[in-house]
Amino acid sequence: MRKSKISYWLGWLVFSIGYLVLSQWLASRGFYTLESFFVDYRADILVRFPEGFLRTFYFTSPAVFFLSSVPFNFISSIPGSFFLNALLIGGLTNHLFFKSWKGKYPSKFFFLYILFSPVILFAGTSGTSLAVYLVLYYLLFYVTFKYTESHSVFHLTLMSLTMGLFVLMDMEYMKLILLLVPVLFFVSFFKAKGIRGNFYTRASVIFSNNSQRRKFFTGFFSSVLIVAFIPLMSYLIFLMINKVFSGSYFFFEKSTGDSWNSYSVLFPLISINEDLWPNLAQINSRFLGLILLLSVTAIYQILDSKNQAAKSFILILVILFAISEAADNKMLYLDLNNLSLITASAIAAFFYSQNGLKSRSLTLKVLTLALPVLAVLLEFGYFENSIVQQERHFAASIFDPEEDPNLKSIEKASLALQNQNSAHILADDAIFYPELSTLDKSFTWEGHFSPYYMHALQQPEAYADLILVTKKDHPLHLNDIVATSLKRLDSLKIELPKKVIYEDEYRQLIKIGK
Amino acid sequence: MMHTKEYYRKSLFQEKGNLRADQIERIEFLEKSLQKSFLKIALNYGYLSRRAWKKALIEEGVELYQFNFESLEAISNQEVVKTQLHWFLDCLVFPLKQTDDYLEVVLSDPSDSININNVEELLGQKVDKFHVAEDLDVLKALHITYGLDYLDKAIFRIYDSDRESCAIETFTKKQLIFIGAILILGASLFYFFPVGVAITFNLILNALLFLSISFKFLLTLYGSRMETSRKVSKAELDKVNDDELPIYTILLPVFKESEVIHKLVWNLRNLDYPLEKLDVKLLIEADDAMTYNAVKDMNFPCIFEPLIIPPAQPKTKPKACNYGLYFSKGKYLTIYDAEDIPDNNQLKLVTSLFKKIPDDYVVIQCALNYFNKKENLLTRLFTLEYSYWFDYMLPGLDNLDVPIPLGGTSNHFKFDKLMELGGWDGFNVTEDADLGLRAYAKSYKVTVLDSTTLEEANNDFFNWIRQRSRWIKGYMQTYLVHMRNPIKLLQKVGVKGFFGFQFFIGGTFFTFLVYPILLLFLIFMLILNTGLLDFLFFWTDYSVSQNILESIQLFFPDWLVIIAIFNFSVGNLMMIYVNMMAVFRRRSYTLILYALINPLYWLMHSISAYKGLIQLITKPFYWEKTNHGLTKSSKPSSI
């Protein structure tokens, strides 16, 4: 027992180190994600600016990802988000490794997919919130599969807790409850006491008897309430905190700078390849191709489900849900944070059902062996064609690394800043968090978290020594509040004593004063 | 009156008592196997009602002897009676007067000549005169005259054998010094650093409340993990052979509960356990005329043996149960309240489980729930609470191997181990919780069983407050007793057990005491922040709220208020949720929404907690009596 525990923890450590090393190797090949910069930056200002503590603590989004990353920020050379990703995905991989090890041969072979799946690798190495989403999706679906079998309150509660964490990642994920409602509905038929037989027999008995029908519906609605309660209450508490903090229940929707892409969801589409636009067009279905590339494992699981109708039912729901979400807003939902629910549910389905499978035909055996290879290849196909720049960049960093002009610009601007001695900076930190996150303790700045930000924008010379501002080629130039306020001062003919000390295609660093 | 007339069993029991010949034959069989008198078996094993027996005696022309209990005195040969008290109780004979050449006794069955012969043999002389009295009167006379040694043990055994574990002393000197030192230190620090101390104090209260509730939530989750497993399978239960079952003692402590005695009889009859292997003791306080008369007047046969507790302070349930221990004959022993409806196979399940689990398990706690759950709002809320407590929290503690505070009833003991532990502490008003911890401290274990006993939920507000204040006071007593030497406790129960004890016992009363303070604080801040106060001061433009807010901001900064709101909201929601989970498991779906008003229920707990705290200081051993039999519901609602 003790030995197996030690080997479990050791396995976790080894896999985590593996993901961490891989993330650094990818970084050396020019791979970066703005979300990891953002989390690093917010963790920095959480302790650096006491006046912004509450806002940073409660309103940084995704909250679970951010707050879990903070403790790992002790090493300055690697952002905490990379540690968290490595630990989470390392833990998941290790968990699945032990499940595979104890399982039959298909699961041992399936572990190759876990090890080489680009989705899992991306989650483990990118420093983004995908790691948390992937683990939560896996948990949610594994527990849901278990609930279809056990009908226990324990699994129902875990579903609710996982949903609560989803809501703390992003309020919009409350919609996942809709996905669970049909599952709860059908499970309620099998929970009815004293009724035996298949689904149709049960349904006919329940609907032909008043008392049974009443019990059935109260049971079903109660199960929905149990699942929805924690996410709903998480939402409610969050709204209350908003109200107390700012006087508005929906402060989090209006505030700026609390998420890595708070100015625009278009941000991921910087320098977008025009070939991708057809995927996003309203009137065609090319986006289905992207979903299909991620769905091969799930489809296989749907087909390979003898006597496991619930598993197929849930997986079909998952794919339909992903399609309907993406069709609704491709710009928002055609990314891995959303689509990885297909991957995670398929993995959960595989490990949930592997013990139930008995004799298998030759075709199935061959398919089982071919599946991991096929799935990995198709997932790489997804990454190469993704509409999200950082996902495409991930694939490119592995096979064909190239210099990213935006990253280059960030690095140069950061260097220019670091060359200045202890200065007070005015910048729009919803845009310049990558540069600001590299500064040491001798620098201070005004940002959205600061109560004096508006004053500083009107009188920069009174509040700052340096101004970091976007130029018009920067995709977020129109959102840059500092750039706008400088233009305003210009239009009012208020002249600042300023000197440009660094500039490139996207950014400008200005020194104020003589 | 001296009886010279001959009495015959046939005439008394068969002709006048209406017992059938086969019943008489069966009673005679049991008389031999159980070594009890014929009448005792007939009255206590469901053959003859007390009223019928009295009627039979009167019809036979017997004038019943009326005791003057105030003036009863022990006979000169009292040592014989004391050492043979069990025999006298079984034979229902009371030696009234004995001199060198004269012996006068009171007995209940004048037709039982063997009994009379045995008395003569024991006391060494012929019976010169006998009276006939009702069995209950004879029992009462025997207990209050000759049971005082047992009574003394029932009250002081824990005190004599393990003084440190006895709640007779509420606060030890060391504890008082410690509390005083903390108060003085706090006041001094507040004098020098008022802001820092106020903020720290607020933070500590919040953190402890949050930790305590989170612990309960996690415990519930952990307990729910085991909900699908059955400790004793149906197959194992089917294998139970009635002949191999041991004698099982059931203690039924009652006080002024004449209302529920009739229900009790029917509930006991439903138990699936061989009747002759049941040793059911109805523990009646000597001065409880109400219950005493109700039992005397019962017009249908019952299956319990009344046991009269001699009058003494403290008048507590543990004292009564301890007294009952000395007259118990079972290998296993359990306690039920008079109105309890246990699962009919509960005793068999327990015996099967005791056989399965290691020897160090000495107590099995069964789940409690309510049969009148839908009677009113209070019973609904009570049901929610008991459902999560017994279905999830205790199994959670069990799985974590943390000390389990036993519930009031349906705890099944190995009798010898219970005696070894010294029984219950007669000075602790939650003697059951205390016993669970004492068992754990002596390296014994307690486990739980998924079998339910339905009780009567308290349906009256003031009655509920009384009951709850006793429970919370008992938790405080238990906490103080076991924390007399925290290091010793830590060594005995280990780190896990120690923290489990802190959160589960200490945390329980702590949360109820702190809850209204934090609630008031939040309401106060809400009134100030929303400007409601300004609305009340409508005649002035001056912002009263703002002014107060500014002046207290130093002590209650915004971040602290937000933490307090978060903490309080999450804490309440967690408790609402565990309530929901528990009734969902029991499929009492219509109760789920009532969980939403759990915060109100907690306020009621807080009222009780403060009442308990005051009583802990003023009347630590006072037993707040819970009235039973108030329900109008008689049948279990849907379980």
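The values are calculated or read from the model by the stated rules, or taken from the named source; none is laboratory data. Predicted, not measured: the structure shown is a model, and the values here were computed from it. All Cβ positions, glycine included, derive from the backbone under ideal geometry; neighbour counts span all protein chains shown.
Listed here are the residues, each with its yes/no results for (1) at pLDDT 85 or above; (2) in contact with a helix residue (DSSP H, G or I) (Cβ under 9 Å, 6 or more places away or on another chain); (3) within 10 Å of chain A (Cβ to nearest Cβ).
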{"residue": "B:554", "(1), (2), (3)": "no, yes, no"}
{"residue": "B:558", "(1), (2), (3)": "no, yes, yes"}
{"residue": "B:572", "(1), (2), (3)": "yes, yes, yes"}
{"residue": "B:575", "(1), (2), (3)": "yes, yes, no"}
{"residue": "B:579", "(1), (2), (3)": "yes, yes, no"}
{"residue": "B:585", "(1), (2), (3)": "yes, yes, yes"}
{"residue": "B:594", "(1), (2), (3)": "yes, yes, no"}
{"residue": "B:597", "(1), (2), (3)": "yes, yes, no"}
* Asked: Inside segment B:465-497, can you point out the residues that are touching a Ser or Thr at 6+ places or on another chain (Cβ under 9 Å) and aliphatic (A, V, I, L, M)?
  -> B:465, B:472, B:476, B:480, B:481
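Test residue A:89 against the stated conditions and say whether it is assigned to a loop (DSSP other than H, G, I, E, B) and touching a residue at least 12 places away in the same chain (Cβ under 8 Å).
no
Name the residue, out of A:302, A:316, that is assigned by TED's automatic domain parsing to the domain that holds residue A:96 and surrounded by 18 or more Cβ atoms within 10 Å (Cβ to Cβ).
Criteria check complete, one pass: A:302.
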* To do: Scan segment A:218-230 for residues that are more than 7 Å from chain B (Cβ to nearest Cβ) and free of Cβ contacts under 8 Å to residues at least 60 places away in the same chain and jot them down.
  => A:220, A:221, A:224
* **Residues (surrounded by 20 or more Cβ atoms within 10 Å (Cβ to Cβ) and either modelled with pLDDT of 90 or more or farther than 28 Å from residue A:261 by Cβ (or both)) located in segment A:486-506** => A:486
* Structure fact -> All-but-one check, residue A:233 against (1) of a type outside the set (Val, Ile, Thr); (2) more than 10 Å from every other protein chain (Cβ to nearest Cβ); (3) buried (at least 16 other Cβ atoms within 10 Å of the Cβ), failing number (2)
* To do: Could you tell me whether segment B:372-383 includes any residue that is of a type in the set (Val, Ile, Thr), over 18 Å from residue B:505 (Cβ atoms) and part of a helix (DSSP H, G or I)?
  => yes
* Structure fact -> Taking segment A:15-60 and the residues there that are farther than 30 Å from residue B:562 by Cα and free of Cβ contacts under 8 Å to residues at least 24 places away in the same chain, the one that is surrounded by the most Cβ atoms within 10 Å (Cβ to Cβ) would be A:27
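How many residues are touching a helix residue (DSSP H, G or I) at 6+ places or on another chain (Cβ under 6 Å) and within 26 Å of residue B:322 (Cβ to Cβ) when one looks only at segment B:166-197?
Number of matching residues: 3.
Quick one: which of A:167, A:224, A:181 is among the aliphatic types (A, V, I, L, M), farther than 24 Å from residue A:326 by Cα and not in a loop (DSSP other than H, G, I, E, B)?
A:224
Quick check on my filter: what residues within segment B:321-340 are in contact with a Pro (Cβ under 9 Å, 6 or more places away or on another chain) and modelled with pLDDT of 90 or more?
B:321, B:323, B:324, B:330, B:331, B:332, B:334, B:335, B:336
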* Which residues, taken from segment B:158-207, are under 30 Å from residue B:442 (Cβ atoms), at pLDDT below 90, part of a helix (DSSP H, G or I) and not polar (S, T, N, Q)? -> B:158, B:159, B:160, B:163, B:164
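How many residues are basic (Lys, Arg) and without any contact (Cβ under 8 Å) to a residue 40 or more places away in the chain when one looks only at segment B:60-114?
Of the residues in segment B:60-114, the ones basic (Lys, Arg) are B:82, B:97.
Subsequent filtering for residues that are without any contact (Cβ under 8 Å) to a residue 40 or more places away in the chain retains B:97.
The number of residues fulfilling the criteria is 1.
Could you tell me whether segment B:350-362 includes any residue that is closer than 30 Å to residue B:622 by Cα, hydroxyl-bearing (Ser, Thr, Tyr) and touching a residue at least 60 places away in the same chain (Cβ under 8 Å)?
No, the conditions are met nowhere in segment B:350-362.
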* **Test: residue in segment B:350-362 that is more than 18 Å from the chain's Cα centre (by Cα), at pLDDT 90 or above, within 24 Å of residue B:46 (Cβ to Cβ) and of a type in the set (A, V, I, L, M)** => yes
* Asked: So residue A:408 clears everything in (1) assigned to a loop (DSSP other than H, G, I, E, B); (2) among the charged types (D, E, K, R); (3) under 29 Å from residue A:31 (Cα atoms) except one condition, right? Which one?
  -> (1)
* Asked: Name the strands (runs of 3 or more DSSP E) wholly within segment A:424-489 that hold at least 2 residues that are in the same structural domain as residue A:59 (by TED's automatic domain parsing) and touching a helix residue (DSSP H, G or I) at 6+ places or on another chain (Cβ under 8 Å)?
  -> none
* Examine segment B:66-81 for a residue that is within 14 Å of residue B:135 (Cα to Cα) and buried (at least 16 other Cβ atoms within 10 Å of the Cβ), and state whether such a residue exists. => yes
* Structure fact -> In segment A:308-341, anything in contact with a Ser or Thr (Cβ under 6 Å, 6 or more places away or on another chain) and without any contact (Cβ under 8 Å) to a residue 12 or more places away in the chain is listed as A:312
* Asked: Take the residues of segment A:61-78 that are touching a residue at least 60 places away in the same chain (Cβ under 8 Å) and not aromatic (Phe, Trp, Tyr): which is nearest to residue A:453 (Cα to Cα)?
  -> A:61
* Condition test on residue A:254, is it of a type in the set (Lys, Arg), over 28 Å from residue A:138 (Cα atoms), more than 19 Å from the chain's Cα centre (by Cα) and within 14 Å of chain B (Cβ to nearest Cβ)? -> no
* To do: Taking the residues in segment B:198-235 that are away from chain A (no Cβ under 14 Å) and small (Gly, Ala, Ser) as candidates, determine which candidate is surrounded by the most Cβ atoms within 10 Å (Cβ to Cβ).
  => B:212
* Asked: Does residue A:332 satisfy being surrounded by fewer than 22 Cβ atoms within 10 Å (Cβ to Cβ) and part of a helix (DSSP H, G or I)?
  -> yes
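Conditions (1) surrounded by fewer than 16 Cβ atoms within 10 Å (Cβ to Cβ); (2) free of Cβ contacts under 8 Å to residues at least 40 places away in the same chain, marked per residue:
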site: A:353; (1), (2): no, no
site: A:367; (1), (2): no, no
site: A:387; (1), (2): no, no
site: A:413; (1), (2): no, no
site: A:421; (1), (2): yes, yes
site: A:449; (1), (2): no, no
site: A:453; (1), (2): no, yes
* Any residue in segment B:458-481 that's under 16 Å from residue B:380 (Cα atoms) and modelled with pLDDT under 90: show its pairings with residues that are buried (at least 24 other Cβ atoms within 10 Å of the Cβ) and among the hydrophobic types (A, V, I, L, M, F, W, C) at Cβ separation under 9 Å, as long as the two are six or more apart or on different chains. => B:458/B:382; B:459/B:382
* To do: Output yes when any residue across segment A:144-162 is more than 14 Å from every other protein chain (Cβ to nearest Cβ), out of contact with any Cys (no Cβ under 9 Å at 6 or more places or on another chain) and either β-branched (Val, Ile, Thr) or surrounded by fewer than 21 Cβ atoms within 10 Å (Cβ to Cβ) (or both), and no when none is.
  => yes
